[in-house]
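I have placed the structure first, in the form of structure tokens, so that the comments after it can refer back to it.
The values are calculated or read from the model by the stated rules, or taken from the named source; none is laboratory data. This structure is a prediction, so every number in the text was calculated from the model and none was measured. Cβ coordinates were reconstructed from backbone atoms using ideal geometry, including for glycine residues, and neighbour counts include every protein chain displayed.
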Amino acid sequence: MNDTSATPERRPLTILLAAPRGFCAGVDRAIKIVELALEKYGAPVYVRHEIVHNKFVVDQLKARGAVFVDELDEIPANNAPVIFSAHGVPKSVPADAKSRKMFFLDATCPLVSKVHIEAERHFADGRDIILIGHAGHPEVIGTMGQLPDGAVQLIETEADVARFVPRDPDRLAFITQTTLSVDDTTAIVTALQKRFPSILGPHKEDICYATTNRQAAVKAIADRAEKMLVVGAPNSSNSLRLVEVAARAGCPDSQLIQRAAEIDWPAFATVKTIGITAGASAPDILINEIVDAFRARFDVTVEEVITKVENIAFNVPRELRATPNN
């Protein structure tokens, strides 16, 4: 494909840049945990599963000495730190790590841990628990793994609500995956409440602030954009939801991309306005790379559309916090 950056008559193009976009506090904390562990303990540092769902981030950490594994039995007995991903893990994983006498650090997002605590509270109260989420997602596996088999039932759609048969309809509670579509989840919760009026929900919704904010930001620009690019990984739930939200909010031509190299330039030949956002695990460097690729080919005007300002941060584990010099 020819690069047209040298042509003097570059066409004007407006980029609507959604804000907030990209990294959230939980992702930032998880990556920082790996980086600080490498600084403090040296390589290798082992990470069970992708620390966050982004290949660029994972490759950068690999280059610094992080070793990513699927399961703990892949890790040699060498006293190196082991880190659990931001998505959370079943209780069996830290139990296994303890039995192997591993030193482990938990990078589970605090907002995911909040959902785990809710599930345990409902279970202790004798309630059956419904988890609204996507089967097979690491966060769902981790949340269901907080309790004995059968204690948590997964529901993915409104149709699942209609089919669900509880043991006791008056002893039900629901929790949700943190990275779902706000609108889809609202519809499922409404269906649950209609069928089971006494069902208990979270005191504060489980869908995390970052997911909610990024979806609202996309809705604010979708009907003005001819095309929408969502920067994120194909296994990133919150990124995939942004594509769906954009399509429903007025920009049917919405797609997920990981890097600028994936852009189909001929498809933008007559486009005048595009929207760009990024999932919560996509770093700024990838967003900037894509904007710069458009600048090289078009006379670009960037309009940042800010719907919320985020200033949330989470502490890293105590073992990694800097201690004042004596």
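For every residue, the table says whether it meets (1) of a type outside the set (A, V, I, L, M, F, W, C); (2) out of contact with any Cys (no Cβ under 9 Å at 6 or more places or on another chain); (3) part of a loop (DSSP other than H, G, I, E, B).
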position	(1), (2), (3)
T108	yes, yes, yes
I129	no, yes, no
H134	yes, yes, yes
V140	no, yes, no
D160	yes, yes, no
I175	no, yes, no
L180	no, yes, yes
T185	yes, yes, no
I188	no, yes, no
Exercise. Hey, can you tell me all the residues within region 63-118 that are of a type in the set (S, T, N, Q) and either buried (at least 16 other Cβ atoms within 10 Å of the Cβ) or farther than 23 Å from G42 by Cβ (or both)?
Key: S85, S92, S99, T108, S113
Self-check item: Members of region 14-33 that are surrounded by 18 or more Cβ atoms within 10 Å (Cβ to Cβ), among the basic types (K, R) and in a helix (DSSP H, G or I)
Solution: R29
Quiz prompt | Residues being under 16 Å from E156 (Cβ atoms) and buried (at least 20 other Cβ atoms within 10 Å of the Cβ) - total across region 190-212 | solution = 3
Exercise. Pull up region 34-56, narrow it to residues that are part of a helix (DSSP H, G or I) and touching a Pro at 6+ places or on another chain (Cβ under 6 Å), then point me to the one that is farthest from T178 (Cα to Cα).
Key: Y41
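Tally up the residues in region 67-102 that are among the polar types (S, T, N, Q), in a loop (DSSP other than H, G, I, E, B) and modelled with pLDDT of 95 or more, please.
1
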Quiz item: Can you find even one residue in region 120-132 that is within 25 Å of E50 (Cα to Cα) and free of Cβ contacts under 8 Å to residues at least 24 places away in the same chain?
Solution: no
Quiz item: Given (1) modelled with pLDDT of 95 or more; (2) within 20 Å of the chain's Cα centre (by Cα); (3) of a type outside the set (S, T, Y), where does K272 come up short, assuming only one miss?
Solution: (2)
Quiz item: Scanning for something surrounded by fewer than 18 Cβ atoms within 10 Å (Cβ to Cβ), under 28 Å from R248 (Cα atoms) and not small (G, A, S), does region 125-134 turn up at least one residue?
Solution: yes
Exercise. Check K114 against each of (1) in contact with a Lys or Arg (Cβ under 7 Å, 6 or more places away or on another chain); (2) part of a helix (DSSP H, G or I) and name the one condition it does not meet.
Key: (1)
Exercise. Would you tally the residues in region 185-207 being closer than 23 Å to A247 by Cα and in contact (Cβ under 8 Å) with a residue 40 or more places away in the chain?
Key: 3
Exercise. Those residues that are of a type outside the set (D, E, K, R) and more than 17 Å from F84 (Cβ to Cβ), I need them from region 20-53; list them, please.
Key: P20, G22, F23, C24, A25, G42, A43
